[in-house]
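> Below you will find the structure I want to go over with you.
What follows draws every value from the coordinates through simple rules; no lab data is involved. None of these values were measured; they are calculated from a predicted model. Reconstructed Cβ throughout: ideal geometry from the backbone, glycine too, with neighbour counts over all protein chains shown.
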Amino acid sequence: MIGPLVNNGIISQGINTLAAVLIGVLFGYALQRSGFTNSRKISAAFYMKDVDVPVVMFTAIVTAAIGLWGMSLLGMIDTSKMYFLPSYLLPMIAAGFIFGIGMAVGGFCPGTSLASMVTGKIDAMVFVGGFLLGSLLFGDLYPIWDKFYNSNGFGVFRIDQLLNINLGLAVLIITLLGVFGSIGMRKLQYKFWGKND
Amino acid sequence: MKKKLWDPIFGGIMIGIAIILTFYISGRGLGASGAMTDFAVWIQNIIAPALNHSSQYFSKYVANGANPLDDYLVFMGVGIMIGSFLAGMVSKDLKFEVLKGPNISNKGRLWYALIGGVLVGYAARLARGCTSGQALVGGAELSVGSWAFMFSIFAGGFAVAYFVRRQWL
């Protein structure tokens with residue numbers, strides 16, 4: 001069965017919706033069991049006190065990149081039917097900076113706040129409330145920033161295109177970045193905070 | 001006694017598999033912030049529907065009487081909550097509490113949580129996604145914008161960490 005299953009008519013929209021729930025269950029389960037429902041653990045990344053958050057992120061990216069690339073090589077997935085995110089560089093850089101400030105102040109990102117809220121964490125419930133306000137603020141006052149939001153667009157723009165290299169080499173580069181980034185951050189954690197914290 | 005956490009490498013592989021599955025089954029990535037914004041628009045549709053219809057950004061969510069909650073990501077968001085609740089049950093971590101460092105009051109922590117939530121809610125829309133749907137999924141797709149977004153998140157977090165250290169350390 002060649003993916004994407006729903007785009008190729010192998011499964012119905014109803015089954016696709018059910019899959020969304022089940023994949024969400026796997027994702028939410030993994031977030032909680034990785035400790036990401038704890039705002040102290042998430043924020044500790046910004047003090048290099050506990051770098052599990054970036055290590056999990058890098059591992060997830062590398063796993064998915066190798067998996068998708070491998071599946072496309074084996075003909076298991078038709079990448080032309082996959083949705084690729086467009087790049088709007090300056091808005092994304094600015095948004096990332098605001099987002100990072102919000103994470104260090106609030107202790108969560110959206111997915112972790114949802115996961116944490118249902119385990120009873122009151123700070124997560126309040127964060128979710130703030131998130132709803134913040135996204136309404138964006139949409140209701142859209143004319144103020146719509147120009148910036150739509151500026152500096154590159155369409156689908158991948159690292160292999162940026163560096164003008166083979167896709168496999170780009171996957172290798174981000175894999176090495178993920179592995180050595182994780183090892184390096186763990187070393188810094190031990191250096192600044194010792195091994196037992 | 002809470003159960004020991006997963007090894008971060010194992011947790012990362014599980015989340016990576018979840019990303020592969022969404023592409024293989026649904027042809028798209030996973031996400032979290034989209035569902036939350038859908039929910040915000042749904043609430044606004046009850047209390048101030050005119051705001052949705054006059055907003056160039058939100059009007060597409062409710063065009064022709066559409067229900068903003070009828071979205072793939074909303075079903076996934078429900079799944080995230082079910083999964084985390086189950087994991088909390090298994091690991092005995094279901095408890096009403098405020099998590100914070102020892103040097104701040106509960107009330108102080110909740111103000112920070114609110115302000116952080118507003119900033120992240122705004123930034124997730126400006127970035128067209130969050131740590132899940134933009135940084136992880138786009139990162140795996142090798143999207144240049146997603147990688148720039150992710151490095152900016154760490155830059156923003158490190159830049160402000162010193163000033164909010166009383167909350168956490």
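> How would chain A be classified by its alpha-carbon gyration tensor: rounded, prolate or oblate, with rounded meaning a/c under 1.5 and the a/b versus b/c comparison settling the rest?
Rounded, because the longest to shortest axis ratio a/c is under 1.5.
> Further question: Consider all pairwise Cα distances in region A:118-177 and report the whole-number % of them above 15 Å.
Tail of P(r) above 15 Å: 71 percent of Cα pairs.
> Placing +1 on the Cβ of each Lys and Arg and -1 on the Cβ of each Asp and Glu in region B:1-160, which of B:VAL41, B:ALA155, B:PHE96 has its Cα farthest towards the positive end of the resulting dipole?
My answer, from the dipole projection, is B:PHE96.
> How much length would be gained if the chain were fully extended between A:LYS147 and A:ASN164, taking 0.36 nm per residue of separation minus their Cα-Cα distance, in nm to one decimal?
3.2 nm
> Turning to a different aspect of this structure: Taking +1 at the Cβ of each Lys and Arg and -1 at the Cβ of each Asp and Glu, which of A:VAL171, A:PHE154, A:VAL6 sits farthest along the dipole of chain A towards its positive end, judged by Cα position relative to the Cα centre?
Going by the Cα projections, it comes out as A:VAL171.
> How crowded by other chains is A:5-18, given as the mean number of beta carbons from other chains within 10 Å of each beta carbon?
3
> What's the FRET efficiency of A:PHE154 with A:ILE2 using the Cβ-Cβ distance as r and R₀ = 35 Å, to the nearest 0.05?
It comes out at approximately 0.75.
> Please give, to one decimal in nm, the separation of the simple spin-label points placed at B:ARG165 and A:SER12, each 7 Å out from Cα toward the Cβ.
Modelled inter-label distance: 5.9 nm.
> For peptide B:66-74, what's the mean number of Cβ atoms from other chains within 10 Å of each residue's Cβ?
Mean number of neighbouring Cβ atoms from other chains: 2.
> If I model a spin label as a point 7 Å beyond the Cα along the Cα-Cβ vector, how far apart are those points for A:LEU74 and A:LEU137 in nm?
Distance between the two pseudo-spin positions: 4.6 nm.
> Per the Kirkwood definition applied to all pairs of different Cα atoms, how many angstroms is the hydrodynamic radius of chain B?
About 18.5 Å, per the Kirkwood formula over Cα pairs.
> Taking the Cα centre of chain A as origin, work out the dipole magnitude from +1 charges on Lys and Arg Cβ and -1 charges on Asp and Glu Cβ, in debye rounded to 20.
Around 540 debye, computed over chain A.
> Would you grab the residues whose amide H sits under 5 Å from the one on A:ILE11? Only those 5+ places off in sequence or on another chain, please, with H modelled 1.01 Å from N.
A:VAL6
> Using label points projected 7 Å from each Cα along Cα→Cβ, tell me how many nm separate B:LYS107 and A:TYR190, to one decimal.
In this crude label model, B:LYS107 to A:TYR190 measures out at 4.4 nm.
> With a ≥ b ≥ c taken as the square roots of the eigenvalues of the C-alpha gyration tensor of region A:1-42, please select rounded if a/c is under 1.5 and otherwise prolate if a/b is larger than b/c or oblate if it is not?
Because a/c hits 1.5 or more and a/b exceeds b/c, region A:1-42 counts as prolate.
> Send over the semi-axes of region A:82-197's equivalent ellipsoid, whole angstrom and largest first, taken as the square roots of 5 times the C-alpha gyration tensor eigenvalues.
One finds semi-axes of 29, 27, 13 Å for region A:82-197.
> Would you work out if region A:71-124 is rounded, prolate or oblate? Take a ≥ b ≥ c from the square roots of the eigenvalues of the alpha-carbon gyration tensor; rounded if a/c is under 1.5, else prolate when a/b is larger than b/c, oblate otherwise.
In terms of gyration-tensor shape, oblate.
> Sort largest first and round to whole Å: the equivalent ellipsoid semi-axes of the protein assembly as shown, each the square root of five times a Cα gyration tensor eigenvalue.
Ellipsoid half-lengths, sorted descending, are 28, 26, 21 Å.
> Give the separation of the Cα centroids, region B:130-169 to region A:35-88, in Å.
First find each Cα centre; the distance between them is then 12 Å.
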